[in-house]
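Enquirer: The structure under discussion is supplied below as structure tokens; questions concerning it will follow.
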Amino acid sequence: MKRTKHKNINGWLIIDKPAGMGSTDVVNQTRRLLDANKNGHAGTLDPFATGVLPVAFGEATKLIPYITDGSKEYEFTLKFGTATNTDDTEGEVIARSDIIPSTEQVLSVLPQFTGTVTQIPPAYSAIKINGERAYKLARKGKTPDMPPRQVEIYKLELLNRLSADSFYFRVCCSKGTYIRSLGRDIALKLGTYGHLQALRRTKCAVFTLADTILLENLKNMVYEEERLSKLLPVETSLRDIAVIAVSEEDAVKLRQGQSVSPKTYEVKSLIGKTAAAMCRDCLTAVVKIEPERISPIRVFNF
């Protein structure tokens, strides 16, 4: 069977993911909508969660690790009094408590959940246990042995008390942080049970809700050119690192995987750091700047 040719499209599409849809489903739908050859997502969101899901196309896929490794920000609603087997509303209730903490009690424990925190991920997660996804084991009635992990929580704040038993939080954290586990553990620390009623990612590395487009709005666009206009340039994901302008001759070398001399560039303050090398306003490479050389880490061919 002859393979249908699709377009070579480069850039980022930042989707405001709806609830009930997996990240892979978003990737597949956006690839079809843009008739693209290649795409992939950075930073998985569970179907339960909504919010910022960066989707990389073409050459931007080379930068997925930079977004995945970046810090994340979430807002979530924690309901006290009941625990579920998924730590969110999609699971079955497995425990109840009449203890509902006061606002002052909630505020008092938050400092214990900032800095380096040890978490046990939810049983219903995508972590692989002996080669099989934990959630698949859990659905078979098996209890996966979830290994604890250390994560960094940079900031955790209570935004509002929504009702007698529901509280609204914001958290800024490292990659690999499970917000469902965080909610569960806050409740346990307060001597009760809890599960998430809502979870929304508001930031993923450099991308925020301001960069997003609703998937439904993308679907409703009649013309392909209109959809393509929503793509952000590949280099948008690098807007928090330094930029150096390189000559055409050095750009060719970098694209071929060769190092170039730093002598003709003002890079003394960037020694030991990474930077985006640009030639004629076009991204050439992500480079490591060292005293004797500028070495390519990722190269781009547009």
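Laboratory data are not the source of any read-out in this text; all were calculated from the coordinates shown. Quick caveat: nothing in here was measured; it's all calculated off a predicted structure. No Cβ is skipped: glycine too gets one built from the backbone with ideal geometry, and neighbour counts run over all protein chains shown.
Enquirer: Report the dimensions of the stretch 160-206 along its three principal axes from the alpha-carbon atoms, largest first, rounded to Å.
Expert: In descending order, the Cα extents are 35, 20, 13 Å.
Enquirer: Let me ask something additional. Relative contact order of the chain, please, whole-number percent, based on alpha carbon pairs below 8 angstrom and at least 6 residues apart.
Expert: Averaging sequence separation for qualifying contacts and normalising by length gives 21 percent for the chain.
Enquirer: About its Cα centre, how strong a charge dipole does the chain have in debye, to the nearest 20, once Lys and Arg get +1 and Asp and Glu get -1 at the Cβ?
Expert: 880 debye
Enquirer: What are the semi-axes of the equivalent ellipsoid for the stretch 241-299, taken as the square roots of 5 times the Cα gyration tensor eigenvalues, largest first, in whole Å?
Expert: Its equivalent ellipsoid spans semi-axes of 15, 12, 11 Å.
Enquirer: Using +1 at the Cβ of each Lys and Arg and -1 at the Cβ of each Asp and Glu in the chain, identify which of Cys204, Gly40, Gly257 lies farthest towards the dipole's positive end.
Expert: Farthest along the dipole direction, towards plus: Gly257.
Enquirer: If one takes the longest principal axis of the Cα atoms in the chain, at what angle in degrees, from 0 to 90 and to the nearest 10, does the Cα axis of helix 23-33 lie?
Expert: Helix 23-33 sits roughly 40 degrees off the main axis of the chain.
Enquirer: Further, regarding this structure: In a solvent-free Debye calculation with one equal scatterer on each Cα, what is log10 I(q)/I(0) for the chain at q = 0.07, 0.14 Å⁻¹, listed in the order of the q values?
Expert: Those come out to -0.35, -1.09, one per q.
Enquirer: With only Lys, Arg, Asp and Glu charged, each at its Cβ (+1 for the first two, -1 for the last two), find how big the charge dipole of the stretch 248-288 is about the Cα centre; round to the nearest 20 debye.
Expert: 200 debye
Enquirer: I would also like to ask the following. Once the other residues with Cβ under 12 Å from the Cβ of Gln112 are scored (Lys, Arg +1; Asp, Glu -1), what is the net sum?
Expert: Overall, the nearby charge balance is 0.
Enquirer: Under 1.5 on a/c is rounded, so check that first for the stretch 1-115, then, if it is not, pick prolate when a/b is larger than b/c and oblate when it is not; a ≥ b ≥ c are the square roots of the alpha carbon gyration tensor eigenvalues.
Expert: Prolate shape, in that a/c is at least 1.5 and a/b is the bigger ratio.
Enquirer: Mind pulling up the Rg/Rh value for the stretch 189-278? Radius of gyration and Kirkwood radius, both on Cα.
Expert: That ratio is 1.19, to two decimals.
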